[in-house]
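Working notes for the structure below.
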Protein chains: 2
Amino acid sequence: MKLASAKIDGKPDGSLIVVSRDLTRAVDASHIAPILREAVERWSACAGALETLARDLEAGRATASFAFDPAAVRSPLPRAFAWLDGSAYIQHVKLVRKARNAPLPEGLLTDPLMYQGGSDTFLDPTEDIPLIDASHGVDFEGEVAVVLDHVPMGASPEVAERAIRLVMLCNDVSLRGLIPAELKKGFGFLNGKPSSAFSPVAVTLDELGNAWRDGRVHHNLDVTYNGAFYGNADAGHMHFSFGELISHAAKTRALAAGTILGSGTVSNEDTSRGSSCLAEKRMLEKIETGEFITPFMKPGDTIRIEMKDENGASIFGTIDQKVKKVDL
Amino acid sequence: MKLASAKIDGKPDGSLIVVSRDLTRAVDASHIAPILREAVERWSACAGALETLARDLEAGRATASFAFDPAAVRSPLPRAFAWLDGSAYIQHVKLVRKARNAPLPEGLLTDPLMYQGGSDTFLDPTEDIPLIDASHGVDFEGEVAVVLDHVPMGASPEVAERAIRLVMLCNDVSLRGLIPAELKKGFGFLNGKPSSAFSPVAVTLDELGNAWRDGRVHHNLDVTYNGAFYGNADAGHMHFSFGELISHAAKTRALAAGTILGSGTVSNEDTSRGSSCLAEKRMLEKIETGEFITPFMKPGDTIRIEMKDENGASIFGTIDQKVKKVDL
């Protein structure tokens with residue numbers, strides 16, 4: 001099934017709705033759980049009723065269904081108690097580290113890179129990306145993210161994978177101009193990773209069919225920048241599976257239900273597949289020509305991130321954002 | 001006033017109670033806001049009623065008040081949408097970096113160090129600290145922490161300071177055996193900073209009287225390790241004020257109401273004041289004798305962290321934890 005969080009004034013977590021597979025219809029589900037985070041926290045009690053409602057919606061039997069509008073929803077979890085972002089596509093790590101003249105981590109292929117990001121103020125799927133200062137170097141990062149049930153401390157990758165309840169897409173907004181100095185301080189990202197946005201809907205694993213296997217989503221991530229093709233890398237090329245990433249995160253503590261865990265920027269070695277962020281393209285330009293050519297995002301620049309199934313149907317709806325200058 | 005979160009089975013955020021100034025009595029406040037996080041989110045609507053209830057409790061007029069038991073409460077915010085921890089005591093930064101042979105950050109005195117920590121599974125104030133593996137090197141870190149109202153993006157230190165609603169103490173548990181390798185990867189802390197614990201009660205700024213000034217708490221942090229004096233450093237020696245730390249955190253995004261922000265390990269240059277973590281003491285031993293003498297925490301080791309006012313009365317109650325070996 002597909003779940004989303006309708007925008008409601010004064011409700012920072014929105015209101016739970018079930019969305020049809022083709023993303024055209026939706027129905028209120030707040031009588032089952034008022035918000036998506038609570039549905040995840042009480043999954044065994046809520047999933048059955050949500051599935052019944054989803055089947056009714058597909059069959060045209062749901063009363064008071066309405067047209068689904070991606071601009072009328074917040075990110076599926078507008079706030080979460082945890083947002084952990086891995087970096088499971090090795091090609092991305094290689095290119096981005098090269099771009100900032102940073103060495104590759106020693107355990108690149110055995111010890112996942114992961115950071116804890118801000119989870120208190122996510123952007124909506126169609127919300128403007130604020131640009132405070134051109135020197136910040138705004139970039140997008142197209143990712144796959146999963147929403148977890150409770151994960152016990154020390155969970156194996158197999159146990160960890162069984163905690164995955166939902167899958168979404170993410171735009172992990174990055175401020176490339178701030179990151180090198182910030183990482184040099186040694187405490188990870190803070191100012192360099194402002195609020196991320198997620199796809200209009202989150203889906204259960206069964207919606208992905210055979211494309212969900214080996215703890216990975218085997219579909220392309222379609223990235224459109226300023227209306228033109230920018231990337232369609234295969235998201236299945238994760239070096240670490242989601243189970244392995246979650247297990248890493250839970251090594252020394254339990255993870256609460258509702259935790260969001262990201263794949264890191266989707267990236268393939270085949271450069272004809274384009275990129276899912278500007279930093280990679282810039283690094284490839286530098287390698288080829290000696291110069292960075294593509295600038296970071298300017299006010300008015302648009303980014304669209306989506307994923308289609310084998311029939312060309314959008315699975316998660318589209319992250320569709322524009323950069324907007326803000327004056328503080 | 002003093003607020004706490006009573007342990008209730010099946011309620012991960014506990015239930016809001018008001019606690020008397022002398023920490024002996026408490027009264028249910030869940031009719032005003034069911035949980036503390038909601039009281040912070042709706043502060044202007046809730047604060048007045050909570051203050052009235054607190055006055056009634058002090059005057060012996062509160063109906064159904066009961067004896068306050070620090071073992072019956074969770075951390076004031078058992079879960080939060082954000083836990084940001086600064087490192088505002090320069091002496092701590094100097095000693096800990098020396099301990100792991102890491103260089104001092106360039107902007108040590110101008111650009112606050114801060115990391116985003118796990119906020120989904122805090123420990124209770126009297127909950128055991130789990131030890132999975134002796135090589136992890138369990139350490140405590142005594143800190144002061146503030147709970148914030150909404151902070152707009154780009155808030156100045158002055159605006160930021162006005163968003164402080166509550167103050168608490170924190171034990172920011174650290175796994176010294178894991179941190180050097182983790183920080184070397186460049187993405188900050190994850191496994192090396194497991195779940196933190198907070199003091200039994202959170203207090204409003206007026207409870208601190210004149211000890212709250214310049215955006216700092218001017219009282220000693222009393223740290224007792226295995227029943228013996230370990231430290232009583234003056235928490236007022238923060239190089240950066242809380243306003244400056246919050247402003248730094250909000251440089252590129254808003255912070256949601258309910259965000260917790262920590263001071264970093266309380267530390268004074270005067271070594272007769274002891275320490276608020278084992279890493280500092282070990283480094284001082286190394287400098288003096290060439291050897292680390294004090295080991296990290298073993299199963300059964302106990303740590304107590306509290307703060308007393310000018311009359312010797314405990315302000316926040318005591319973080320009182322024991323290390324316990326867990327088998328995964």
Among (1) closer than 30 Å to A:Ile90 by Cβ; (2) of a type outside the set (D, E, K, R); (3) under 18 Å from the mean Cα position of the chain (by Cα), B:Pro180 falls short only on (3)
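Name every residue in region A:182-216 that is of a type in the set (A, V, I, L, M, F, W, C) and in contact with a Cys (Cβ under 9 Å, 6 or more places away or on another chain), in order of residue number.
Applying the first criterion (of a type in the set (A, V, I, L, M, F, W, C)) to region A:182-216 yields A:183, A:187, A:189-190, A:197-198, A:201-203, A:205, A:208, A:211-212.
Within region A:182-216, A:Ala197, A:Phe198 qualify.
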Checked against (1) open to solvent by 20 Å² or more (accessible area, probe 1.4 Å); (2) within 10 Å of chain A (Cβ to nearest Cβ); (3) hydroxyl-bearing (Ser, Thr, Tyr); (4) in contact with a strand residue (DSSP E or B) (Cβ under 6 Å, 6 or more places away or on another chain), B:Ser119 satisfies every condition except (1)
Take the residues in region A:1-46 that are over 25 Å from A:Thr121 (Cα atoms) and within 14 Å of chain B (Cβ to nearest Cβ), then tell me which one is surrounded by the fewest Cβ atoms within 10 Å (Cβ to Cβ).
-> A:Ser44
Failed condition for A:Thr63, given (1) at pLDDT 95 or above; (2) open to solvent by 50 Å² or more (accessible area, probe 1.4 Å); (3) out of contact with any Lys or Arg (no Cβ under 8 Å at 6 or more places or on another chain) | (1)
Starting from region B:57-75, keep only residues that are within 11 Å of B:Leu23 (Cα to Cα), then list their pairs with residues that are β-branched (Val, Ile, Thr) and part of a loop (DSSP other than H, G, I, E, B) whose Cβ atoms are within a distance under 9 Å, requiring at least 6 positions of separation or different chains.
-> B:Ala67/B:Thr24; B:Phe68/B:Thr24; B:Phe68/B:Val201; B:Pro70/B:Thr126; B:Pro70/B:Val201; B:Pro70/B:Thr318
Check whether at least one residue in region A:301-310 is part of a loop (DSSP other than H, G, I, E, B) and touching a His at 6+ places or on another chain (Cβ under 9 Å), and report yes or no.
-> yes
Any chance B:Phe81 is open to solvent by 70 Å² or more (accessible area, probe 1.4 Å) and at pLDDT 95 or above = no
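Just a yes or no: is a residue in region B:193-209 more than 24 Å from B:Leu284 (Cα to Cα), among the hydrophobic types (A, V, I, L, M, F, W, C), touching a residue at least 60 places away in the same chain (Cβ under 8 Å) and in contact with an Asp or Glu (Cβ under 7 Å, 6 or more places away or on another chain)? Give the steps one after another, and end with the answer.
In the first step, residues of region B:193-209 are kept if they are more than 24 Å from B:Leu284 (Cα to Cα); the result is B:194-209.
Imposing the further condition that a residue be among the hydrophobic types (A, V, I, L, M, F, W, C) reduces the set to B:197-198, B:201-203, B:205, B:208.
Now drop any that are not touching a residue at least 60 places away in the same chain (Cβ under 8 Å), which leaves B:197-198, B:201-203, B:208.
Now narrow it down to the ones that are in contact with an Asp or Glu (Cβ under 7 Å, 6 or more places away or on another chain): B:197.
Yes.
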Which number in (1) touching a helix residue (DSSP H, G or I) at 6+ places or on another chain (Cβ under 8 Å); (2) part of a loop (DSSP other than H, G, I, E, B); (3) within 13 Å of another protein chain (Cβ to nearest Cβ) marks the one condition that A:Pro125 misses?
-> (3)
List every residue pair whose Cβ atoms lie under 6 Å apart, where the two residues are 6 or more positions apart in sequence or sit on different chains, the first residue falls within region A:312-328 and is within 14 Å of another protein chain (Cβ to nearest Cβ) and within 16 Å of B:Gly154 (Cα to Cα), and the second residue, located anywhere, is outside any loop (DSSP other than H, G, I, E, B) and open to solvent by 40 Å² or more (accessible area, probe 1.4 Å).
-> A:Val326/A:Pro130
Restricting attention to region B:173-188, which residues are over 14 Å from A:Met114 (Cα atoms) and among the β-branched types (Val, Ile, Thr)?
-> B:Val173
Could you please find all residues in region A:112-129 being among the aromatic types (Phe, Trp, Tyr) and more than 18 Å from A:Met168 (Cα to Cα)?
-> A:Tyr115
Please verify whether region B:95-115 includes one or more residues that are more than 14 Å from every other protein chain (Cβ to nearest Cβ) and either closer than 30 Å to B:Thr265 by Cα or open to solvent by less than 20 Å² (accessible area, probe 1.4 Å) (or both).
-> yes
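Mind listing whichever residues of region A:247-271 are within 14 Å of chain B (Cβ to nearest Cβ) and either on the phi > 0 side of the Ramachandran plot or under 15 Å from the mean Cα position of the chain (by Cα) (or both)?
Step one: filter region A:247-271 for residues within 14 Å of chain B (Cβ to nearest Cβ), giving A:247-262, A:264-265.
Of everything in region A:247-271, those that are within 14 Å of chain B (Cβ to nearest Cβ) and either on the phi > 0 side of the Ramachandran plot or under 15 Å from the mean Cα position of the chain (by Cα) (or both) turn out to be A:Gly258, A:Thr259, A:Ile260, A:Leu261, A:Gly262, A:Gly264, A:Thr265.
For (1) of a type in the set (Ser, Thr, Tyr); (2) closer than 25 Å to A:Ile246 by Cβ, each residue gets a yes or a no:
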| residue | (1), (2) |
| --- | --- |
| A:Ala6 | no, no |
| A:Gly10 | no, no |
| A:Thr24 | yes, no |
| A:Ile35 | no, yes |
| A:Phe81 | no, yes |
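Is it the case that region A:295-303 has a residue that's closer than 29 Å to A:Ile35 by Cα and out of contact with any helix residue (DSSP H, G or I) (no Cβ under 8 Å at 6 or more places or on another chain)? Show your work before the answer.
Residues of region A:295-303 that are closer than 29 Å to A:Ile35 by Cα, as a first pass: A:303.
Filter again for out of contact with any helix residue (DSSP H, G or I) (no Cβ under 8 Å at 6 or more places or on another chain), leaving A:303.
Looking through region A:295-303, at least one residue is closer than 29 Å to A:Ile35 by Cα and out of contact with any helix residue (DSSP H, G or I) (no Cβ under 8 Å at 6 or more places or on another chain).
The values are calculated or read from the model by the stated rules, or taken from the named source; none is laboratory data. Since this is a predicted model, take the numbers as computed values, not measurements. We place every Cβ from the backbone using ideal geometry, glycine too, and count neighbours over all the protein chains shown. Side chains are part of the model used for accessible areas, which takes the heavy atoms of the whole protein and leaves out ligands, DNA and RNA. Shrake-Rupley method; radii C 1.70, N 1.55, O 1.52, S 1.80 Å.
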